[in-house]
Amino acid sequence: MSTLVYIHGFLSSPQSLKAQVTRQWLLDHRPEIDYHCPFLSPYPLETERQLREMMTQLGDQTVGFVGSSLGGFWSTWLVEHYDAKAVLINPSVRPFELVDRVRGMPQKSYYTDDTYLMLPEHGEQFRQAYCEQLKDLSRYYLLAQTGDETLDYRQAEARYWGCRQHIEEGGDHGFQNYEAHLPDIVDFLFGSP
């Protein structure tokens with residue numbers, strides 16, 4: 001059995017547009033692949049615990065990850081710890097730097113009434129989770145758009161140099177025209193049906 005796990009970004013949720021589009025596309029085109037999208041904490045230690053628990057529950061299934069924004073960071077962590085493959089959509093490369101920009105300022109979820117407060121220790125926890133060396137570049141596929149208004153695509157381009165990459169001019173952080181890439185994304189993770 002194969003499972004695609006969608007890892008959402010900071011302040012996002014399984015209700016995000018890309019998560020929902022991915023779920024529906026699989027139902028329509030690759031129903032043999034299970035879909036899973038956990039609601040993840042913004043706090044790094046809690047996220048690690050959630051992801052470890054998820055991987056235990058998935059057992060020996062073939063798992064592929066699609067990670068958007070901060071989800072790209074966590075998808076990289078998963079690949080390095082569980083030898084899977086990941087497609088990274090406008091990924092956050094060094095989220096500890098972003099924590100420095102927002103620390104002490106309440107951050108509201110896009111999909112719930114929850115508010116989060118990022119503190120210096122969260123930046124340090126992200127630093128601890130950062131995988132310095134990527135063990136197998138063939139396990140990654142980067143999709144980025146140069147018009148990303150939240151993250152500098154060049155950080156991702158450099159971080160995943162040597163991996164499969166598709167960099168598009170323009171676009172935005174939400175990654176315009178995402179659905180058109182899903183056949184290629186799923187084929188990279190699981191091969192053709």
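A few notes on this one:
- The residues of segment 58-82 that are part of a helix (DSSP H, G or I) and polar (S, T, N, Q), listed by number, are 75, 76.
- Within segment 111-137, tally of residues that are within 29 Å of residue 183 (Cα to Cα) and under 17 Å from the mean Cα position of the chain (by Cα): 3
- Unmet criterion (only one of (1) surrounded by fewer than 21 Cβ atoms within 10 Å (Cβ to Cβ); (2) within 30 Å of residue 192 (Cβ to Cβ)) for residue 111: (2)
- Residue match in segment 37-57 (condition: among the hydrophobic types (A, V, I, L, M, F, W, C), at pLDDT below 95, crowded, with 17+ Cβ neighbours inside 10 Å and in a loop (DSSP other than H, G, I, E, B)): no
- Of all residues in segment 164-186 being in a loop (DSSP other than H, G, I, E, B) and charged (D, E, K, R), the one that is modelled with the lowest pLDDT: 172
- The lone exception for residue 142 - which of (1) among the aliphatic types (A, V, I, L, M); (2) touching a helix residue (DSSP H, G or I) at 6+ places or on another chain (Cβ under 7 Å); (3) closer than 22 Å to residue 50 by Cα it fails: (3)
- The number of residues in segment 114-129 that are loosely packed, with under 14 Cβ neighbours inside 10 Å and not charged (D, E, K, R) comes to 5.
- Residues in segment 130-163 that are outside any loop (DSSP other than H, G, I, E, B) and touching a His at 6+ places or on another chain (Cβ under 9 Å): 141, 142, 143, 144, 145.
- Pair list, Cβ < 7 Å and 6+ apart or interchain, from segment 108-124 residues that are on the phi > 0 side of the Ramachandran plot and at pLDDT 90 or above to residues that are surrounded by 13 or more Cβ atoms within 10 Å (Cβ to Cβ) and among the polar types (S, T, N, Q): none
- Evaluation of residue 76 against the conditions (1) surrounded by 18 or more Cβ atoms within 10 Å (Cβ to Cβ); (2) among the hydroxyl-bearing types (Ser, Thr, Tyr); (3) free of Cβ contacts under 8 Å to residues at least 12 places away in the same chain shows that the sole unmet condition is (3).
- A search for C-beta distances below 8 Å between a residue of segment 136-162 that is without any contact (Cβ under 8 Å) to a residue 12 or more places away in the chain and any residue that is of a type in the set (Lys, Arg) and assigned to a loop (DSSP other than H, G, I, E, B), counting only pairs 6+ apart in sequence or on different chains, returns nothing.
- Exactly one residue among 32, 48 is out of contact with any Pro (no Cβ under 9 Å at 6 or more places or on another chain) and among the acidic types (Asp, Glu), and that residue is 48.
- Residue match in segment 163-182 (condition: closer than 21 Å to residue 16 by Cα, among the aromatic types (Phe, Trp, Tyr), out of contact with any Pro (no Cβ under 7 Å at 6 or more places or on another chain) and surrounded by fewer than 20 Cβ atoms within 10 Å (Cβ to Cβ)): no
- For segment 28-35, the criterion of a residue being in contact (Cβ under 8 Å) with a residue 12 or more places away in the chain, buried (at least 21 other Cβ atoms within 10 Å of the Cβ) and out of contact with any Leu (no Cβ under 6 Å at 6 or more places or on another chain) is satisfied by no position.
- Checking each residue in segment 83-106 for being surrounded by 15 or more Cβ atoms within 10 Å (Cβ to Cβ) and outside any helix (DSSP H, G or I) picks out 84, 85, 86, 87, 88, 89, 90, 91, 92, 93, 94, 103.
The values are calculated or read from the model by the stated rules, or taken from the named source; none is laboratory data. Model, not experiment: these values are computed from the prediction. Backbone-built Cβ (ideal geometry, glycine too); neighbour counts: all protein chains shown.
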